[in-house]
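Below is one structure, written out as structure tokens, with a few remarks after it.
The values are calculated or read from the model by the stated rules, or taken from the named source; none is laboratory data. The model shown is predicted, which means the values in this text are computed figures rather than measured ones. Reconstructed Cβ throughout: ideal geometry from the backbone, glycine too, with neighbour counts over all protein chains shown. These area figures cover heavy atoms from the full protein model, side chains too; ligands, DNA and RNA do not enter into them. Shrake-Rupley method; radii C 1.70, N 1.55, O 1.52, S 1.80 Å.
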Amino acid sequence: MLVLSRKPGEAIRIGGTLMVRVVSVSGGRVRLAIDAPADVPVHREEIIERIADANQAAACTEQTELGALLEIEPRSDRPGGGTRWNA
Amino acid sequence: MERVKIETQRFGTLDADPAEILHFDGLPGFPDARRFLLREHDTSSVFGWLICADQELAFVVTDPFQFFPAYQPELGPHHLCAVGASEPGPLELLCIADVRDGAVHLNLAAPLLIDAHTRRGAQVILETGNHPTRAPVRPR
């Protein structure tokens, strides 16, 4: 892994389109300004980890008991009539 | 085109038209899950299955707007790019349901986007709106 030192105001460029600039450093906190194209998602790592945890919790095994699903009715009707599961 | 046979423990052998297969670039927590099928749970159910063809993995999914009519996911260009869509068009939005101990929660923070034309799908992470990862559809 590449490790670089930067001062506030300095930046690094990643490829031709990404730039990360250090805005300020204070109290153990670094503020970064990130320039990325509109089609590049930028997320805090812990958000992605939270979604990964949620996915792992929701992943069904062969044993997952799903009886509860059959009793659930939607609270409102959407015009157009729902999802085509086998589309 | 030759039909694809997918072996699963829960659903047995699934027989699919290759055109049915949805292509994901992995999901958070499941980076190698790439090919999926959407199947109904039961003919009258509002829930369906997103079944992975690459590994033993399946999610219960549903249309979140049926349960949360006020849900307004804000989609940006990077969300649409994730499924190869240049503009909002025939996109389907589903949410993963966590079904455990009789309780059902939807992940509204990271819905699944599926482009019906490109057959590409992605789980997108919403930056705005403060949507919960566990919105109760049916509390325990």
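Along region B:55-70, what does the Karplus equation 6.51 cos²θ - 1.76 cosθ + 1.60 (θ = phi - 60°) give for ³J(HN,Hα), rounded to whole Hz, x for Gly and Pro?
Going residue by residue, I get 7, 6, 7, 8, 10, 7, 10, 7, 7, x, 5, 5, 9, 10, x, 8 Hz, with x marking Gly and Pro.
Return the single residue from B:109, B:19, B:122 with maximal mean-square fluctuation; model: Gaussian network over chain B, springs between Cα atoms under 10 Å.
B:19
Per residue, what accessible area does the protein assembly as shown have, given a 1.4 Å probe and all protein chains present, in Å²? Please list the in-between numbers first.
Details: 13090 Å² over 227 residues.
Per-residue value: 58 Å².
Is there a quick way to get the dipole size of the protein assembly as shown? I mean about its Cα centre, with the Cβ of Lys and Arg at +1 and of Asp and Glu at -1; what is the value in debye to the nearest 20? Present the calculation step by step, with values, prior to reporting the outcome.
On the way: 23 positive and 31 negative charges, 178 e Å.
About 860 debye.
Would you mind telling me the share, in percent, of accessible area of region B:4-133 contributed by carbon and sulfur at probe 1.4 angstrom? Write out the running numbers ahead of the final one.
On the way: 2590 of 5350 Å².
Roughly 48 percent, rounded to a whole number.
Each label point is 7 Å from the Cα along the Cα-to-Cβ direction; what then is the distance between the points at residue A:64 and residue A:18, in nm?
Once both label points are built, they end up 3.1 nm from each other.
What translational diffusion coefficient, in µm²/s and rounded to a whole number, does the Stokes-Einstein relation yield for region B:36-101 at 25 °C and a viscosity of 0.890 mPa s, taking the hydrodynamic radius as the Kirkwood radius over Cα pairs?
Details: Rh = 13.7 Å.
Stokes-Einstein gives a translational diffusion coefficient of 179 µm²/s.
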